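Below: one structure, written as structure tokens.
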Amino acid sequence: MASILFLFPLVILHTLVLAPTKTYSQDDPILTYCAGDNYTVPSTFSSNLELLLSNLTSSPRYAGYFSTATAGAASSVPAYGLAQCEPDVSASDCSTCLNRSASAAATRCPLRKSSAIRFDHCVLRYSNQSFFGQLEVDQPAMTHKSNNASDPTVFHRQMSDLMDEIASQAAAMRSKFAVGITNYSGDGLISGMTQCTRDLSETDCSTCLDKAVGLLPSCCYGHIGGRVVMVSCAVRFEIIPLFSRLLVPPSPPPATPPPPPGSSSSLNGGNGTDTTGHGKSHKAAKVVLIVAISVSPVVLCHIWIRLRRRGVCRRVLIDGDEEFRSSESLLFDLGALRAATDNFSNANKLGEGGFGPVYKGTLRDGQEIAVKRLSGSSRQGLVELRNEIDLVAKLQHRNLVKLLGCCLEEQERLLVYEYLPNTSLDKFLFDPIGRQQLDWGRRYKIIEGIGRGLLYLHEDSRLRIIHRDLKAGNILLDEDMNPKISDFGLAKLFSVDETHGSTSRIAGTYGYMAPEYAVRGLFSTKSDVFSYGVLVLEIVTGRRNSGFQGSGNSLDLLSYVWRHWNEGMASQVIDRSLDNQYQLREVLRCIHIGLLCVQGEPAVRPSMASIFLMLSSYSITLAAPSAPAFFISSGTIGESEVIERDMRTGLSAEKSRPVSANDVSITDMEPR
């Protein structure tokens, strides 16, 4: 739309242009929604509600806070809650606003089991029924400014166009928040804001905003400001005198001695020169206004460029990812990282992957970190870096590696992680000496931990995440040998109702790829299940899948294990370094689960939820596995072997590269 000067969800724009008409000191909420039956005090629900509100209102530690929580889930009367602040609201102001909301709910909806309170910059909602992801548009609140536009028809048309545009923007954003400005020749600029609660889907957010924008004509036609607020969304517009909020009010005139009688500056003195400072201040204000009008677009663009230069970290933060505590806690100073890693010396180098080298570092406060440095020659790495920041920063699980922050200064692109002293699983598992430290108890704990982390990614996180590059090299071990899944550069994020996807460019690691992904570019949670199965079999046998030589025959590990399983000799594939110090029943069950995971047909493979149950309960009967994907029978070439051979040779010479080990990543590969 040509008339829109700025249309991007930047909180700086919201701060400069759409300043609130109310402040945090306001006593009255702009929306109060009471529903449900009454509860009694004391009661189980009242205790759960008290715990819930305490958690929601005391949790904000970063700008743009958003949280959903449940208290007393195991009881018959749990309390469900949602808290959300606008992206530009600081943690302290967010906490103040939410505490005010909790107090307002207690006084305005006393003893009601369901309530929603909205102030200018936050919303707090709770209920005895789960409402997450459910649209609520009843009982809208509508207000408008008393002043009228100079040309109501033109104003309303331009305002409506702006609001329609930013409504669609907000629905598509992860932050569910967007602001914009359009020029109105009559009085200045029209600024607009649209937002939804972040538990809504894009479709429901769009539905809510469409209804709210549709109510603007009935409440606010011809007025220079107005808003429609519902439980699930809010819209607002206001006319702003051109760049007035970028101007500093002129200082009061300095005190001067009274002019002598008859002076031209006398209060009754008509046309003389004003020496009190008012005339100069007025002229100065005019000059500042003229300059502001001419340069403010440049200033705003400069702010935008500076934010972009701060890199993807700041971009993701502005978009409202809730796990980013604050911009400063996420962004690392390049000088500090150079000092921590001794200027990225080889002595501190932990390893190197497709993204680039990884270095150990120690910050001034003694905290040990791992710094992943994007190789200057890596084009794929920038995409992976953005992907990791988008995903890892909002993942909180004990079996997922923790992203501490990033640095994008000068020509450096760096990711900073928690340091895990035992590096990666492959350094132990495939080393004749290192594997001695992995007794069966530790191996089983690693199998369980990886499964627990994958279950979180697939089922328990707010959005479904498919890792796509699960391998031994991407499993890091802490000081207690607990596993943490790392390297989310290739991960894909789905909404909860999405189950699969496809890509025209294959990226991952040979030996762990599911056949449907390696050959046709199809991926789903079952692709990760396949990789997990390969990992399980590697952990049990202590041998790599790729390039494995078994019993004098050129067999891959999956075929080797399957042949022994099918012939009733599965115990012969168990890593001999375990020295029979294990429960055979437990190890065989892991082999069984591993074989179920590497079935050729995705639909036949179990889900991670089923796998976790299989690991934790022997009362669950396991299905009989069939031959794994890419199975090579001894002495004959089967269909699966042809698929594997075609996958190796069906690449163009330009894009293929030699593969000799599992830890060699494949990127930019075109499927046949």
> Residues in region 217-228 that are out of contact with any helix residue (DSSP H, G or I) (no Cβ under 7 Å at 6 or more places or on another chain) and crowded, with 21+ Cβ neighbours inside 10 Å: how many?
Replying inline: 5
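What number of residues within region 178-205 satisfy the criterion of being assigned to a loop (DSSP other than H, G, I, E, B) and at pLDDT 90 or above?
5
Looking at 95, 130, 101, 146, can you tell me which residue is surrounded by fewer than 18 Cβ atoms within 10 Å (Cβ to Cβ), of a type outside the set (Asp, Glu) and in contact with a Phe, Trp or Tyr (Cβ under 9 Å, 6 or more places away or on another chain)? First the steps, then the outcome.
Details: 95 fails: surrounded by fewer than 18 Cβ atoms within 10 Å (Cβ to Cβ); 101 fails: surrounded by fewer than 18 Cβ atoms within 10 Å (Cβ to Cβ); 146 fails: in contact with a Phe, Trp or Tyr (Cβ under 9 Å, 6 or more places away or on another chain).
Of 95, 130, 101, 146, the one residue that is surrounded by fewer than 18 Cβ atoms within 10 Å (Cβ to Cβ), of a type outside the set (Asp, Glu) and in contact with a Phe, Trp or Tyr (Cβ under 9 Å, 6 or more places away or on another chain) is 130.
Any chance region 69-77 includes a residue that's of a type outside the set (Ser, Thr, Tyr), touching a strand residue (DSSP E or B) at 6+ places or on another chain (Cβ under 7 Å) and under 20 Å from residue 195 (Cβ atoms)?
At the first step, the residues of region 69-77 found to be of a type outside the set (Ser, Thr, Tyr) are 69, 71-74, 77.
From what's left, touching a strand residue (DSSP E or B) at 6+ places or on another chain (Cβ under 7 Å): 69, 71-72.
The next check asks that each one be under 20 Å from residue 195 (Cβ atoms); those that pass are none.
Within region 69-77 (the criterion being of a type outside the set (Ser, Thr, Tyr), touching a strand residue (DSSP E or B) at 6+ places or on another chain (Cβ under 7 Å) and under 20 Å from residue 195 (Cβ atoms)), the answer is no, since none of the residues qualifies.
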>> Among the residues that make up region 463-479, is at least one of them more than 22 Å from residue 404 (Cα to Cα) and over 18 Å from the mean Cα position of the chain (by Cα)?
In response: yes
> Does residue 574 satisfy being modelled with pLDDT of 95 or more and farther than 27 Å from residue 457 by Cβ?
Replying inline: yes
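Just wondering, is there one or more residues in region 220-227 that are in contact with a strand residue (DSSP E or B) (Cβ under 8 Å, 6 or more places away or on another chain) and at pLDDT below 85? Don't jump to the end; show me each part of the working.
Our first condition is that a residue be in contact with a strand residue (DSSP E or B) (Cβ under 8 Å, 6 or more places away or on another chain); within region 220-227, this holds for 220, 222-227.
Adding the requirement that they be at pLDDT below 85 leaves 222.
Scanning region 220-227, I find at least one residue that is in contact with a strand residue (DSSP E or B) (Cβ under 8 Å, 6 or more places away or on another chain) and at pLDDT below 85, so the answer is yes.
In region 531-538, is there at least one residue being over 35 Å from the mean Cα position of the chain (by Cα), crowded, with 17+ Cβ neighbours inside 10 Å and either at pLDDT 90 or above or on the phi > 0 side of the Ramachandran plot (or both)?
Just the residues of region 531-538 that are over 35 Å from the mean Cα position of the chain (by Cα), to begin with: none.
No, region 531-538 contains no residue that is over 35 Å from the mean Cα position of the chain (by Cα), crowded, with 17+ Cβ neighbours inside 10 Å and either at pLDDT 90 or above or on the phi > 0 side of the Ramachandran plot (or both).
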> Looking at (1) over 16 Å from residue 50 (Cα atoms); (2) exposed (fewer than 15 other Cβ atoms within 10 Å of the Cβ); (3) of a type in the set (S, T, N, Q), can you tell me which one residue 107 breaks?
Replying inline: (1)
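Please specify each residue of region 334-351 satisfying the condition of being surrounded by 12 or more Cβ atoms within 10 Å (Cβ to Cβ) and modelled with pLDDT of 85 or more. Spell out the reasoning first.
Step one: of region 334-351, the residues surrounded by 12 or more Cβ atoms within 10 Å (Cβ to Cβ) are 334, 336-342, 344, 348-351.
Answer for region 334-351, where residues must be surrounded by 12 or more Cβ atoms within 10 Å (Cβ to Cβ) and modelled with pLDDT of 85 or more: 334, 336, 337, 338, 339, 340, 341, 342, 344, 348, 349, 350.
Is region 236-244 home to any residue that is modelled with pLDDT of 85 or more and either over 30 Å from residue 126 (Cβ atoms) or within 25 Å of the chain's Cα centre (by Cα) (or both)? I'd like the intermediate steps shown before the answer.
Keep residues of region 236-244 that are modelled with pLDDT of 85 or more, which gives 236-238.
This time we only want the ones that are either over 30 Å from residue 126 (Cβ atoms) or within 25 Å of the chain's Cα centre (by Cα) (or both), so: 238.
Looking through region 236-244, at least one residue is modelled with pLDDT of 85 or more and either over 30 Å from residue 126 (Cβ atoms) or within 25 Å of the chain's Cα centre (by Cα) (or both).
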> Within region 441-454, is even one residue surrounded by 17 or more Cβ atoms within 10 Å (Cβ to Cβ) and outside any helix (DSSP H, G or I)?
Replying inline: no
> Within region 22-44, how many residues turn out to be in a loop (DSSP other than H, G, I, E, B), surrounded by 15 or more Cβ atoms within 10 Å (Cβ to Cβ) and modelled with pLDDT of 90 or more?
Replying inline: 3
> Failed condition for residue 166, given (1) modelled with pLDDT of 90 or more; (2) within 27 Å of residue 28 (Cα to Cα); (3) of a type in the set (Val, Ile, Thr), with all others met?
Replying inline: (2)
> In region 436-450, what count of residues is obtained for those that are over 18 Å from residue 533 (Cβ atoms) and in contact with a strand residue (DSSP E or B) (Cβ under 7 Å, 6 or more places away or on another chain)?
Replying inline: 0
> Mind checking which pairs have a first residue in region 171-192 that is closer than 22 Å to residue 152 by Cα and of a type in the set (Val, Ile, Thr) and a second that is at pLDDT 85 or above and surrounded by fewer than 18 Cβ atoms within 10 Å (Cβ to Cβ), Cβ under 8 Å, 6 or more apart or different chains?
Replying inline: 182/161
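The values are calculated or read from the model by the stated rules, or taken from the named source; none is laboratory data. Here the structure is a predicted model, which means the values were calculated and not measured. Using ideal geometry, Cβ is built from the backbone for each residue, glycine included, and neighbour counts are taken over all protein chains shown.
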